[in-house]
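Following: one structure in structure tokens, then a few remarks.
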Amino acid sequence: MKNLNKNKYQALIGGHAAAEAMRQINPEVVAAYPITPQTPIIEKFAEFAADKKVDTEFICAESEHSALSATVGASAAGVRAMTATSSQGLALMNEILSVASGLRLPIVMPMVNRALSAPINIHCDHSDSMSARDLGWIQIFCETAQEVYEYTFFALKLAEKVLLPAMVMQDGFSTSHNVEPVKIYPDKIIKKFIGQYKPKYSLLDIKKPITVGPLVLPDYYFEIKYQEIEAMEEARKVYLETGKELKKITGNNYPYFEKYKLDDAEAAIVVSSSSAGTAKAVIDKLRKEGKKVGLLKPILFRPFPQKEIRESLKNLKIIAVLDRSVSFGGEAPLFSEIKNSLYPLDKKPLLQSYVFGLGGRDLFEQEVEEVFEELLKNKTGQVKYIGLRK
Amino acid sequence: MLKSSSQIPLGGNIIKPGNSSEYKTGNWKTFSPVWDKDKCAQCLICPVNCPENCIPVKEGKRLETNFDFCKGCGICSQVCPFGAIHMKKCQTS
Ligand code: SF4
Ligand code: SF4
């Protein structure tokens, strides 16, 4: 770590990086209920609210169902409204998740990934956000606290353009509770980037009364869902445009996915979030030994960039997809997306599915190295479970 | 004419107040009331019992049912003391 400008960098845990972005967004309403490991986000933001560093109406809800309901109400009223959650909290919100997307409310929700009960566990895996992948929310997976910070206001801009809610994921504890240097951009610049929020409809605009959430029967429901399908498609384009705009401020790229030493690789791992960092360290080591290995780290999971992923993976001999969640009785979610993406190719790379890290089980460099060793033998088979005692 | 996806407000919002009369519910019915004017004594029991308020009354007399909103519940037929309304199965289109 060299020459970090102290004025620009703050030592932040991932949770506080999300809270810092929320402070700069300064939403009119935040309604939340604390749940480990999302707590640092909400504690920090509550502090900002108490210290009057934000103008936010901070609502301590009695459950996550209420927290998201209040956020939906505020958003429908025409203001920026946010919440944050993890695991069981997201599960309790489930009913309202599709209400937020169905009503086309651009709510941004930082999400700290944590395993679902039972058995109860507070550590990271992705089963919580994967269970919400089909509910019309944009889903962005972050590796570092820096990504968490930047993608939070990035997601706000994207959400408000396409009128879909967005969740921005970080790994429980690995990211949410570990300190990293985070480059913070001046408030003024971020406020200018996100701009003024002009809601398309507002429940509280008494000059233009509207009804939000009426009954829609078979004659129109399908058409309204198709609007949502189209909005998700539109989000692909707007994601890249938003990235170009933000790059002017940060100098960073905002691709659908990160490629790490992938272009000339023969064997690659696909893994998202903090585990991608572990994979990069192993790739550096194996590259020094002359092994042609690389990584594809998905960032945007919904909408899923099938075409672009296909282009990036088509020349590989063999790929391992590492999922931090399972689909009981089916293929793991990320594996299934990657496999589908490759389907149109005449000459498909070999694919191997791995499941790892459930309930916060660590993924060690040694284990990633073993995955690459297996891959370099060019053999695939049944799903493998990293570090599991069968 | 039903509108297409791009012609309707986002998320099913209703952006014009007081427009429920544009939402015709008459096609929900399986049975349709047939009113026999000759048997009708104009007692006006049916209009006050119709839950859809779709039997118009003008100058103390009931008129033909408004089929755009009649849901075919059959209440009018049940309450008519003169047997002036019978329910007929709708043609399926
Ligand atoms: S069938 Fe029901 S809705 Fe139709 S006119 Fe009679 S009472 Fe009214
Ligand atoms: S209840 Fe029967 S008799 Fe009375 S107004 Fe209606 S149709 Fe006529």
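The values are calculated or read from the model by the stated rules, or taken from the named source; none is laboratory data. This structure is a prediction, so every number in the text was calculated from the model and none was measured. Virtual Cβ from ideal backbone geometry, glycine too; neighbours counted across all protein chains shown. Each accessible area value is taken on the protein alone, full model and side chains, heavy atoms only, with ligands, DNA and RNA left out. Shrake-Rupley method; radii C 1.70, N 1.55, O 1.52, S 1.80 Å.
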Handout entry: Within chain A: Cβ-based charge dipole about Cα centre, in debye rounded to nearest 20 (Lys, Arg +1; Asp, Glu -1)
Key = 1120 debye
Practice task
Calculate the radius of gyration of the Cα atoms of segment A:257-385 to one decimal place, then report Dmax, the largest Cα-Cα distance, as a whole number, both in Å.
Solution key: 13.3, 40
Exercise for the section: Please list, in chain and number order, the residues 5+ apart from A:Leu351 or on another chain whose amide H is under 5 Å from its amide H, with Hs placed from the backbone. Expected result: A:Ile319
Practice task
Starting from the amide H of A:Leu12, placed 1.01 Å from N in the peptide plane, find each other amide H under 5 Å away whose residue is 5 or more places distant or on another chain.
Solution key: A:Glu180, A:Val182
Practice task
Tell me the Kirkwood hydrodynamic radius of segment A:171-236 in angstroms, computed as one over the mean inverse distance between distinct C-alpha pairs.
Solution key: 17.1 Å
Handout entry: Peptide B:10-23, shielding by other chains (average Cβ, 10 Å cutoff)
Key = 6
Exercise for the section: Would you mind calculating the gained length between A:Asn178 and A:Lys8 on full extension (0.36 nm times residue separation, minus the Cα-Cα distance), in nm to one decimal? Expected result: 59.3 nm
Problem - Rough spin-label spacing in nm, given labels placed 7 Å along Cα→Cβ, for A:Asp263 and B:Lys3 - result: 4.9 nm
Completion exercise
Dividing the mean separation of Cα pairs under 8 Å (6+ apart) by the residue count of segment A:257-385 yields a relative contact order in percent of 28 percent
Problem - Under Karplus coefficients 6.51, -1.76 and 1.60, residue-wise ³J(HN,Hα) of segment A:126-137 in Hz, glycine/proline x - result: 9, 5, 5, 6, 5, 6, 10, 5, 9, 9, x, 9
Fill in the blank from the handout: Over chain A, the sum of -39500 (n - 2.57) across DSSP H runs of at least four, divided by residue number and rounded to 500 deg cm²/dmol, gives at 222 nm -13000 deg cm²/dmol
Exercise for the section: Calculate the mean, over all residues of peptide A:209-217, of how many other protein chain Cβ atoms lie within 10 angstrom of the residue's Cβ. Expected result: 5
Handout entry: Charge dipole (the protein assembly as shown, unit charges on Cβ, about Cα centre) - positive-most of A:Gly136, A:Leu358, B:Val79
Key = A:Gly136
Problem - Contact order relative to length of chain B, as percent, for alpha carbon pairs under 8 angstrom and 6 or more apart - result: 36 percent
Exercise for the section: Post the alpha-carbon centroid distance, segment A:100-168 to segment A:238-306, in whole angstrom. Expected result: 19 Å
Exercise for the section: Work from the charge dipole of segment A:154-250 (Cβ charges, +1 for Lys and Arg, -1 for Asp and Glu, about the Cα centre) and give the residue of A:Ile229, A:Thr211, A:Thr242 farthest towards its positive end. Expected result: A:Thr242
Problem - Efficiency of FRET between A:Lys292 and A:Lys348 - r from beta-carbon atoms, R0 22 angstrom, step 0.05 - result: 0.75
Practice task
Rounded to the nearest 10 degrees, what's the angle between the helix A:365-376 long axis and the longest principal axis of chain A, both from Cα atoms, 0 to 90?
Solution key: 60 degrees
Fill in the blank from the handout: Checking rank on A:238-248, A:209-219, with mean other Cβ inside 10 Å and highest first, the result is A:238-248, A:209-219
Practice task
Evaluate the relative contact order of chain A (contact order divided by residue number), counting alpha-carbon pairs under 8 angstrom at least 6 apart; express in whole percent.
Solution key: 16 percent
Practice task
Quote the FRET efficiency, to the nearest 0.05, computed for B:Phe82 versus B:Asn27 with a Förster distance R0 of 30 Å and r equal to the Cβ-Cβ distance.
Solution key: 0.55
Problem - Against the rule of thumb 2.2 N^0.38 Å, how large the Cα Rg of chain B comes out - result: 1.32
Problem - Label point at B:Glu64 placed 7 Å out along Cα→Cβ; residues across segment B:17-37 whose backbone nitrogen lies under 16 Å - result: B:32-37
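Work out how much length A:Glu365 to A:Glu230 would gain on full extension: take 0.36 nm times their residue separation and subtract the Cα-Cα distance, in nm to one decimal.
Stretched fully, the A:Glu365-A:Glu230 segment lengthens by 44.5 nm.
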Practice task
Return the FRET efficiency for the residue pair A:Lys247, A:Lys53: r is the Cβ-Cβ distance, R0 is 35 Å, and the value is rounded to the nearest 0.05.
Solution key: 0.80
Practice task
Tabulate in residue order the Karplus-calculated ³J(HN,Hα) for segment B:4-14, using 6.51 cos²θ - 1.76 cosθ + 1.60 with θ = phi - 60°, rounded to whole Hz; enter x for Gly and Pro.
Solution key: 8, 3, 7, 9, 10, x, 4, x, x, 4, 9
Fill in the blank from the handout: Averaged per residue, the 1.4 Å probe accessible area of chain A, protein heavy atoms only, in Å², is roughly 45 Å²
Problem - Among A:277-284, A:198-205, B:17-24, the order from most to least packed when residues are scored by Cβ within 10 Å on average - result: A:277-284, A:198-205, B:17-24
Practice task
Please report the base-10 log of the normalised intensity I(q)/I(0) for the protein assembly as shown, using a Debye sum with one equal scatterer per alpha carbon and no solvent, at each q in 0.10 (1/Å).
Solution key: -0.80
Fill in the blank from the handout: Long-range amide H partners of A:Ile269, meaning residues 5 or more apart or on another chain whose placed amide H is closer than 5 Å, are A:Gly294, A:Leu295, A:Leu296, A:Ala320
Fill in the blank from the handout: Note, segment A:90-95: 3J(HN,Hα) by Karplus (6.51, -1.76, 1.60, θ = phi - 60°), whole Hz, Gly/Pro = x, goes 5, 4, 6, 6, 2, 4
Practice task
Return the single residue from A:Ile224, A:Ile206, A:Ile249 with maximal mean-square fluctuation; model: Gaussian network over chain A, springs between Cα atoms under 10 Å.
Solution key: A:Ile206
Fill in the blank from the handout: Expressed as a percent, the accessible surface of the protein assembly as shown that is carbon or sulfur, using a 1.4 Å probe and the full set of protein chains, is 53 percent
